[in-house]
Structure formats: C-alpha cells, structure tokens
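Undergrad: This is the structure, below, for whatever I ask next.
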Amino acid sequence: MIVVAGATGNVGRTLVRLLVEAGERVTAVSRGVPAEGAHPDVRHVRADLTEPASLRPAFDGATALFLLTSGDFTAHGGDGTVLGEVLDLARAGGVERVVLLSSQGVGTGRHKPDLEEAVTGSGLEWTVLRPGGFASNSYAWAGTVRGQRLAAAPFADVALPVIDPDDIAGVAAAALLETGHGGRTYVLTGPAAVTPRQQVAAIGDALGEPVRFVELSRDEARAGMTAFMPEVIADATLDILGTPTADEQRVSPDVERVLGRPAGSFADWAARNAAAFK
C-alpha cells in the first residue's frame, strides 16, 4: 500500500489516480474531507503532517510514502524535526520507501534544506523531487480572467521553465513504483522558459480570446501573496520570479529521463485546464 500525503492538491490528485491505475492500493491523506468525486477504491485518512501522531492509522500496512510539504506546513510549525517524527512513525508502520516533493529553491539556496535532510537521514530508501514553479500557480488569475479577461503579475518578461503538476505526479509515481530511483534527486521543470506575459497569452489562446496583462510592482505582488503565505516564503518566491539564477532558468532533462517523454508545455497545460478560466 502507498500513502499519499497532500492527496487533494494539484500533484496529489493526479498521483492518486496514477497509482490506482497501476493497480496499487492507496491511502490518501489530507487535512480536509475528500473532494466530491474522489476515487471510490481509495482509503482516506484525515490527518495533519504537523501533528505526526494523527498519521499513525495511515501507515498501518504501508510500504511507500509520498510526502508533500509546503509553505503552509512551515507556517503551522512544521520543520525537519516534525517531519523526522512523521518518518519514524512511517518506518514503524512498515514504510520502506519515501518520495519527498521538495523545491528547486533548496538546491539553489533559496530555502532551508532541513526537510530534505530529515528524509535523506531517515534510514528509508528516498527520492527527492525539486520542481520549479508550477503551471497551476496561474490559477491565481482565474477570477480576474473569468470576470474581466485580465491577469496581473510582477516581472512580466522574466522567463522561468514552469512545470505541469501532472508531470511531477508522473515522476513521483515512477519513483514509488519502480526500482532505480533510490538516493536520487530530480530537478523538475517544463520544456522551455516562459514569461508571465507569455503565460497569459497562452491562456487567452486556450480560451479563444485575448486576455489583457497588467504588470504589478514587487510591493503590490508581495501584499497579495502575504495574505495567504508566510512573508519569508513570499519574499523567497519573489526573489526567484524577479531575479532568478541561471540554474533556476535552466531547463532540466529529468522529467524526460524518468518518463521517457518531454515535459508538457505551459500552453498544453493551459489548453487542458481552460475551463477554470472561462
């Protein structure tokens, strides 16, 4: 059985589906109740990574674990020590393999490495995934695109190779199901760097009508971001968006290496998710 923590997110939902399609038994862990239409053959456990004991029932009989941590995890008191407690419980429950969804920012020095260190020092077979920015972050524009055919963002012409969350899920599934991924760290990006202005144009193309782009100042963007994320995460994110390093702008081959096909483009993602912006 494979436990998927963060099962209701943009990566987790697809990962659960891929594992079920591969014939695996899955326990989906989330803080909330399962979404309507959740897979009927999946066991659901309500738990919180910042309260390790709450995960104990999820690990009974499990052999592998997918861990998704986020700025929200850190904001609610999660750190490497807390994650270490989660991993101790997982090992006691029978888990032998763990896949951590980390961040490219760890490799480039933008974020602390304590969560990765907890995983790599856990005694379990581990794989670390370091994605760059998610294509699905553009859902933040959905309301204004639907209502005004307008999207606003800072750093209009700074390009980054954002990744389709479904590709992250595909790599995670491979790491959970296949041998040969233990002890590896994969940097996950899309196939080409795209600017916010180009992303908005791609959404307009998917809708069949233009969407106007408005450039925000850094301060304007920060004010909006700190309404739903910790200030330290907002500042680190804005640093990447505005002044990315060469590594952060570089296209990684790891998606294609693992999946045997190129990573999906932002335009492909926008076409597949156009309904969210209509």
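Undergrad: Computed FRET efficiency, Cβ-Cβ of ASP219 and GLU125, R0 45 Å: what is it to the nearest 0.05? Don't skip to the answer; put the middle values down first.
TA: Working: r = 45 Å, r/R0 = 1.00.
It comes to 0.50.
Undergrad: Relative contact order, percent, of the chain when contacts are C-alpha pairs under 8 Å separated by at least 6 residues? Walk me through the intermediate numbers first.
TA: Details: 526 pairs, mean separation 50.4, N = 278.
Computed value for the chain: 18 percent relative contact order.
Undergrad: Return the percentage of antiparallel bridges among DSSP beta bridges fully within the chain, rounded to the nearest 5 %.
TA: Antiparallel bridges: around 5 percent, rounded to the nearest 5.
Undergrad: Another question, then. Separation between the ASP88 and ASP235 pseudo-spin-labels, each 7 Å from Cα along Cα→Cβ, expressed in nm?
TA: 3.2 nm
Undergrad: Here is a further query. Rounded to the nearest 20 debye, what is the charge dipole size of the chain about its Cα centre when +1 sits on each Lys and Arg Cβ and -1 on each Asp and Glu Cβ?
TA: Charge dipole, the chain, about its Cα centre: 540 debye, nearest 20.
Undergrad: For region 86-186, give the percent of accessible area contributed by carbon and sulfur heavy atoms, probe 1.4 Å, rounded to a whole number.
TA: 46 percent
Undergrad: For the chain, what is the accessible area per residue in Å², given a 1.4 Å probe and the full set of protein chains? Write out the running numbers ahead of the final one.
TA: Details: 12670 Å² over 278 residues.
So the chain comes to 46 Å² accessible per residue, rounded to a whole number.
Undergrad: How much space per residue, in cubic angstrom, does the convex hull of the C-alpha atoms of region 76-124 take up?
TA: Working: hull volume 3.8 nm³, N = 49.
Expressed per residue, the convex hull around the Cα atoms of region 76-124 is 77 Å³.
Undergrad: Can you compute the modelled spin-label distance between THR185 and GLN148, with each label point 7 Å from Cα toward Cβ, in nm?
TA: Placing both labels 7 Å along Cα→Cβ, they lie 4.1 nm apart.
Undergrad: Which angle between 0 and 90 degrees, to the nearest 10, do you get for helix 231-242 versus the longest principal axis of the chain when only C-alpha atoms count?
TA: Taking Cα atoms only, the helix is inclined about 50 degrees.
Undergrad: Which of these values of Rg and Dmax of the Cα atoms in Å was calculated from the structure shown: (1) 18.5, 55; (2) 18.9, 60; (3) 23.2, 77?
TA: (1)
Undergrad: On a 1.4 Å probe surface of the protein chains, which of TRP269, TRP141, TRP126 comes out largest in accessible area, and what is the full order?
TA: On the way: TRP269 5, TRP141 30, TRP126 50 Å².
Largest accessible area first, the residues go TRP126, TRP141, TRP269.
Undergrad: Also, quick follow-up: What FRET efficiency, computed as 1/(1 + (r/R0)^6) with R0 = 41 Å and r the Cβ-Cβ distance, is obtained for GLU209 and ARG257, rounded to the nearest 0.05?
TA: Calculated value: 0.60.
Undergrad: Something else: Positive end of the dipole of region 203-278, charges at C-beta (+1 Lys, Arg; -1 Asp, Glu), about the Cα centre: which of ALA227, VAL255, ALA275 has its Cα farthest in that direction?
TA: Most positive-ward Cα: ALA275.
Undergrad: What residues qualify as long-range amide H neighbours of ALA152, i.e. H under 5 Å apart, gap of 5 or more or another chain, H built at 1.01 Å from N?
TA: Under 5 Å from the amide H of ALA152 lie the amide H atoms of VAL214, each far enough along the sequence or on another chain.
Undergrad: Note down the accessible area of TYR186, probe 1.4 Å, to the nearest 10 Å².
TA: Solvent-accessible area, nearest 10 Å²: 20 Å².
Undergrad: Compute the long axis of helix 165-177 from its Cα atoms, compare it with the longest principal axis of the Cα atoms of the chain, and write down the angle in degrees, 0 to 90, nearest 10.
TA: It works out to around 20 degrees.
The values are calculated or read from the model by the stated rules, or taken from the named source; none is laboratory data. These numbers were taken from a predicted model, which means no experiment stands behind them. A quick note on method: Cβ atoms are made from the backbone with ideal geometry, for glycine too, and the neighbour counts reach across all protein chains shown. Remember, those area values only see protein heavy atoms, side chains included, never the ligands or the DNA or RNA. Shrake-Rupley method; radii C 1.70, N 1.55, O 1.52, S 1.80 Å.
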